[in-house]
Each structure stands twice: as structure tokens, then as C-alpha cells.
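> So that we are looking at the same thing, I have put the structure below in C-alpha cells.
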């Protein structure tokens, strides 16, 4: 068994479109992503010779991920971790993310994460799906509740609506997504096909309904984008009318969305054959295209809806949860929580 925070080579082969590494170089970015079932924080970057490099750390049940390129927040089974970026003096092309803080939250099923204004100061905020609310870290508790949907009647450890997505705008929480408006334990499972909603956090109003397992809302240049995962779609939503427009089809269960320029990076998963994923319109959409769901990334042109590049995991890694862009990086890795690397890494200000 891998040690917590250890490094291992990715056991599944990674395939990518011929232009994927060049696309990273052109945009001067790397990509971080989380896998749910196999518990990995993975970095996709470039070696000095221009080929793709894949680096990973083991984190049990890691899901939510956020980064602005300087800091990185990631959730695991009972923790929220904060990493910060540091350069390697011996290799100017290498960027390392170093673990600096760990917040013990307990198993509250953290989904989306962001850094947002909390009482005038930036702080980690996250969706605590097990409690149907958005929260922040606390010094003397597992979390501090900040907001919950109006249709949730109590703060209780029952996943009722499967609140999962969180978008920020101008440094503040803006949009949340949930699989349903259910107010009973596990009620969301019977509403997976068309019970999903996008909610304006400030007003509490539902701005769009009829979605199928929506995930990963993002506000980009004032435009609300999200993944209508149960139908395999990247969509834009008019926040005034609630109208939903498809931008692109996603050949997999879409979850995890990051934007760079006019391009969307979307995480894809192979559907689990259980009650969570079965019976969704995505199955019929894939069949109509004579295609199978895949696990990996696609890069979509937001203006034309075309898939420009792709990356695919072929074996052990079958599910992704979140995706983040790491700007101004070439080769990226993270230092683990144990072992000689963390023992010998010392810096000061």
C-alpha cells in the first residue's frame, strides 16, 4: 500500500493528443487534477525536452481542488490541505508545491473548494456535501457553516440534495449547484435525471433548473458555465432568464472545469455501474455517437465548441473529480508529507 502523500508512478498508461504538450507550452500552464476512487493528486506538465510529465501524490478520497498558481487547496478523506508554490534554485524550470497547513474537518465529503472573502479576508471555503452547505475552516471545530440552500431545513449530517459545486466572482462565492432540491436523506438519487439546480448564493434564488447532476460551476468574463454531467454537456446559463445553451458534448461523466483564455479544460470519468450513475441520458448520448465513456481531459474552444486536445487514462484511473490550471509553470511536482524530501526542505522569510 502506498504511504500517505507518497510518490508513485502512474500505473495506468496516459495517452494524449499529439498537440497536448505544445498546447500547454503555448499557454504556459500545467494542470492539476484529483482522482476520487484511486485517491491521487496528479500534475500534468512538461519536461525540458517538451514531452509530457505526470507526477502524483496519494491522498485518500481527494476531490475538491483550487489553485491560483501560488497556492493550492485540496481535500482528502478527513482533511483540507494547503500547499504553496516554491521554485527550485537548482532547476529554474521546476515548480514545487509544498504542504504548509492541514485542517482536520472529519469526513464531511468536501467537494468544490475556493479561496473567497470571509468577513473581509480571503479564506478557504468549500462545499460540505454531507451537510448540504458551504463552509469555511475553523480553529476549534471541524468547520464553520456559511450558507445553505433555502430548501434545506436544518444543518445535519445527511446528504439530502447533493450540493457539490461552487463558483466565485469578484472574490466572493457566487453560484452553487446541487443534484436536487430534496430535503430528505439521499433524496437526490431519485432526481438525478432532471432535478439539478444552479443557485445564486447572494439571493438564494434558483436561477436554472432541470439539470442532470450538475457540477463545477464557473464564472468566466461574467458568463456562467457549468457541467450538465448526467447529459454529458458543457453549458452556459443566462442568469436572468435561466436558459441553458449547450457549448459542447463531453464523452464521459463530466466533472471538473477550469478555464484558461477562451479554452475550457474538462475532466471526464467513466460512469460507475451503480445507482449513482445508471439511467442517465449520458448513456443514450454516447450510444447515439457509437462511443464509450472515457476518463481523462478534453480541451474545448468556448467560442466554437470544438474539442482541440485530449488526454486519457487507460486503466486503473477511472474517475476524476476536479481540475485546476497552474499558470507560468513548465515542470510541476508536490512534496509529500513524509520522507526525506519534506524532512530536508527548509525555507524562511
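> Pairs only if they're at least six apart or on different chains, beta carbon under 6 angstrom, first in the stretch 13-32 and in contact (Cβ under 8 Å) with a residue 60 or more places away in the chain and at positive phi, second surrounded by fewer than 17 Cβ atoms within 10 Å (Cβ to Cβ) and not in a helix (DSSP H, G or I); list them, first residue then second.
Listed pairs, sorted by first residue: 28/328.
> For the stretch 205-244, name all the residues that are closer than 12 Å to residue 281 by Cα and part of a strand (DSSP E or B).
211, 228, 233
> Scan 259, 247, 265 and give me the residue that is under 17 Å from residue 169 (Cβ atoms) and either part of a strand (DSSP E or B) or in contact with a helix residue (DSSP H, G or I) (Cβ under 9 Å, 6 or more places away or on another chain) (or both).
259
Residue-wise test of (1) assigned to a strand (DSSP E or B); (2) modelled with pLDDT of 90 or more; (3) surrounded by 17 or more Cβ atoms within 10 Å (Cβ to Cβ).
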residue	(1), (2), (3)
3	no, no, no
8	no, no, no
22	no, yes, no
30	yes, yes, yes
34	yes, yes, yes
45	yes, yes, yes
62	no, yes, yes
66	yes, yes, yes
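> Looking at 234, 257 in this structure, which one is in contact with a strand residue (DSSP E or B) (Cβ under 8 Å, 6 or more places away or on another chain), touching a residue at least 40 places away in the same chain (Cβ under 8 Å) and under 20 Å from residue 30 (Cβ atoms)?
Selected residue: 257, the only one of 234, 257 that is in contact with a strand residue (DSSP E or B) (Cβ under 8 Å, 6 or more places away or on another chain), touching a residue at least 40 places away in the same chain (Cβ under 8 Å) and under 20 Å from residue 30 (Cβ atoms).
> Right, next: State which residue is modelled with the lowest pLDDT when the search covers only the stretch 268-278 and only residues that are in contact with a strand residue (DSSP E or B) (Cβ under 7 Å, 6 or more places away or on another chain) and assigned to a loop (DSSP other than H, G, I, E, B).
That would be 277.
> Return yes or no: is residue 152 over 20 Å from the mean Cα position of the chain (by Cα), closer than 21 Å to residue 213 by Cα, surrounded by 13 or more Cβ atoms within 10 Å (Cβ to Cβ) and modelled with pLDDT of 95 or more?
Judged against the criteria, residue 152 is a match.
> Take the residues in the stretch 174-212 that are in contact (Cβ under 8 Å) with a residue 60 or more places away in the chain and in contact with a strand residue (DSSP E or B) (Cβ under 6 Å, 6 or more places away or on another chain); name whichever of them is nearest to residue 241 (Cα to Cα).
Restricting to residues being in contact (Cβ under 8 Å) with a residue 60 or more places away in the chain and in contact with a strand residue (DSSP E or B) (Cβ under 6 Å, 6 or more places away or on another chain), the top hit is 201.
> Right, next: Which of the residues spanning the stretch 312-349 are outside any loop (DSSP other than H, G, I, E, B), exposed (fewer than 14 other Cβ atoms within 10 Å of the Cβ) and modelled with pLDDT of 85 or more?
Passing the criteria: only 327.
> Take residue 162 and decide whether it is surrounded by 14 or more Cβ atoms within 10 Å (Cβ to Cβ), within 30 Å of residue 261 (Cβ to Cβ) and touching a helix residue (DSSP H, G or I) at 6+ places or on another chain (Cβ under 7 Å).
no
> Need the failing condition index for residue 284 against (1) assigned to a helix (DSSP H, G or I); (2) surrounded by 13 or more Cβ atoms within 10 Å (Cβ to Cβ), just the number.
With respect to (1) assigned to a helix (DSSP H, G or I); (2) surrounded by 13 or more Cβ atoms within 10 Å (Cβ to Cβ), residue 284 is out only on (2).
The values are calculated or read from the model by the stated rules, or taken from the named source; none is laboratory data. Keep in mind that what you see is a predicted model, and the values were worked out from it rather than measured. Here the Cβ is made from the backbone with ideal geometry for all residues, glycine too, and neighbour counts use every protein chain on show.
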